[in-house]
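This report concerns only the one structure given below.
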Amino acid sequence: MSRIHPLPDLLVNQIAAGEVVDRPASVLKEVLENAVDAGARAIEVQLEQGGVRRIRVTDDGCGIERDDLALALERHATSKIASLDDLEHVATMGFRGEALAAIAAVARTTLTSRAEGAAHAWRIDGDERSLAPAALNQGTVVDVADLYYNTPARRKFLKREATEYAHCDDMFRRVALARPEIGLQLSHNGRVIHRLPPGSVAARVAALMGDDFLQHAREVTADAGPLRLTGFASLPAYSRSSRDAQYFFVNSRFVRDKLLTHAVREAYADILHGSRHPAYALFLDIDPAGVDVNVHPAKIEVRFREARAVHQFVYHALERTLAESGAGFAIPPQG
Ligand code: ADP
Ligand code: MG
């Protein structure tokens with residue numbers, strides 16, 4: 001065996017990228033969440049070739065100061081937390097300061113940004129880390145091209161364009177559902193796919209999940225002090241053969257959580273046959289101190305401090321909503 005030696009930064013970032021950036025959709029997630037964290041009111045996404053050739057996200061958020069542009073691309077550099085206490089109360093989508101460093105290590109990345117009050121914008125090249133003046137209104141453009149151009153082993157795992165695009169579309173929907181107050185647009189290969197004006201939750205749900213869903217759904221509103229559940233859940237008549245229309249958000253973060261999925265399934269247990277699945281967009285709001293989002297880099301898993309109470313709350317809120325609608329009698333008992 002050879003002697004121990006520290007790895008060069010680029011390689012460290014490329015290794016870390018394996019966790020954060022496993023396909024174009026995860027790049028899109030990180031870059032979209034950054035735009036949300038920057039307080040954007042309008043976000044535009046341009047994809048080429050399923051996001052492999054290019055993912056460009058333009059926002060009108062707070063922008064990045066010239067002197068912070070290079071830091072934005074550094075690993076473990078963030079403007080979002082500064083202490084353990086901040087971490088425990090984190091209210092932003094990001095906080096690990098890893099995403100842009102990982103993305104820049106595996107794709108041709110440029111950031112163009114104009115901070116509030118700056119005379120003009122600046123652009124930084126992810127490879128050379130060189131700064132140049134640029135033209136832009138306030139906000140940021142993140143351009144990520146040729147994903148995995150320098151990591152052929154990873155490139156091999158990319159699926160065909162339609163598949164990668166479908167994952168990007170799904171990711172876009174998650175963010176768009178969680179942020180109806182933000183205007184969002186998505187185009188693929190020059191064609192506009194979604195154009196979503198800012199509006200109500202119901203309008204956003206209708207735009208992304210269909211009027212038909214909304215007409216066959218009940219609005220959920222339940223409040224129990226530190227816990228709040230809102231959103232829409234389908235009546236049995238609208239049930240589906242797959243789980244493709246199930247969105248659960250915790251503090252605006254899309255999550256896939258066993259406990260929550262279980263609570264929902266239980267609420268439907270008496271009214272939905274086992275092979276049918278409900279459709280829903282549910283939003284759980286909870287004191288950030290009551291939930292740990294730092295379980296996995298993609299932050300899709302969470303851990304609740306009071307897991308049992310959360311489960312009970314979600315179950316009862318849904319069960320009550322469905323019972324009030326008489327959903328239990330909507331279909332005859334099966335087999
Ligand atoms: P994190 O989001 O965890 O802080 P990132 O690597 O995603 O880490 O981003 C690093 C930093 O770059 C952020 O903390 C933020 O200050 C800045 N940044 C990234 N994208 C944007 C954006 N669209 N607008 C403003 N600032 C941004
Ligand atoms: Mg981020």
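Since every read-out is calculated from the coordinates, none of them should be taken as a lab result. Owing to the predicted nature of the structure, the values given are computational and were not obtained by experimental measurement. So basically every Cβ, Gly included, is an ideal-geometry build from the backbone, and we count neighbours across all protein chains shown.
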Ratio Rg/Rh, restricted to segment 193-335 and using Cα atoms, in which Rh is the Kirkwood radius: 0.96
Quotient of C-alpha Rg and 2.2 N^0.38 Å, computed over segment 34-112: 1.16
Two-site label geometry, Tyr149 and Arg320: point separation in nm, points 7 Å out along Cα→Cβ: 5.6 nm
Packing-based exposure ordering (other Cβ within 10 Å, fewest first) of Lys80, Lys29: Lys80, Lys29
Reachable lysines, given that their alpha-carbon falls under 23 Å from the alpha-carbon of Lys156 and they are not under 8 places away in the same chain: Lys29
All-pairs Cα distance distribution in segment 1-53, expressed in whole percent, bin size 5 Å: 4, 15, 18, 18, 17, 11, 7, 5, 3, 2, 1
Cα-based convex hull volume of segment 137-195 per residue, rounded to whole Å³: 126 Å³
Considering only the chain, percent of DSSP beta bridges that pair antiparallel, nearest 5: 85 percent
Normalised contact order of the chain, rounded percent, pairs of Cα under 8 Å and 6 or more residues apart: 16 percent
Computed [θ] at 222 nm, helices only, for the chain once each DSSP H run of length n ≥ 4 contributes -39500 (n - 2.57): -9500 deg cm²/dmol
Environment charge of Asp287, counting only residues whose C-beta is closer than 11 Å and scoring Lys/Arg +1, Asp/Glu -1: -1
Summed side-chain charge close to Ala203 - residues other than Ala203 whose Cβ falls under 14 Å, Lys, Arg +1, Asp, Glu -1: 0
Gain on full stretching of the segment that runs from Glu306 to His76 - 0.36 nm per residue minus C-alpha separation: 79.8 nm
Pairwise label distance in nanometres, His194 with Ile15, each label 7 Å out on the Cα-Cβ vector: 3.6 nm
Calculated log₁₀ intensity ratio I(q)/I(0) where the Debye formula runs over C-alpha points of the chain, q = 0.07, 0.12, 0.14 Å⁻¹: -0.32, -0.89, -1.15
For segment 225-298, convex hull volume per residue from C-alpha positions, Å³: 102 Å³
Residue order, fewest to most surrounding Cβ atoms within 10 angstrom, among Val142, Val90, Val27: Val90, Val142, Val27
Two-decimal Rg to Rh for segment 65-104 - Kirkwood Rh, Cα set: 0.99
Diffusion constant of segment 203-251 at 25 °C, which comes from Stokes-Einstein with the Kirkwood Cα-pair radius and 0.890 mPa s, µm²/s: 205 µm²/s
Alpha-carbon radius of gyration plus Dmax, which is the widest Cα pair, for segment 1-141 in Å: 15.5, 55
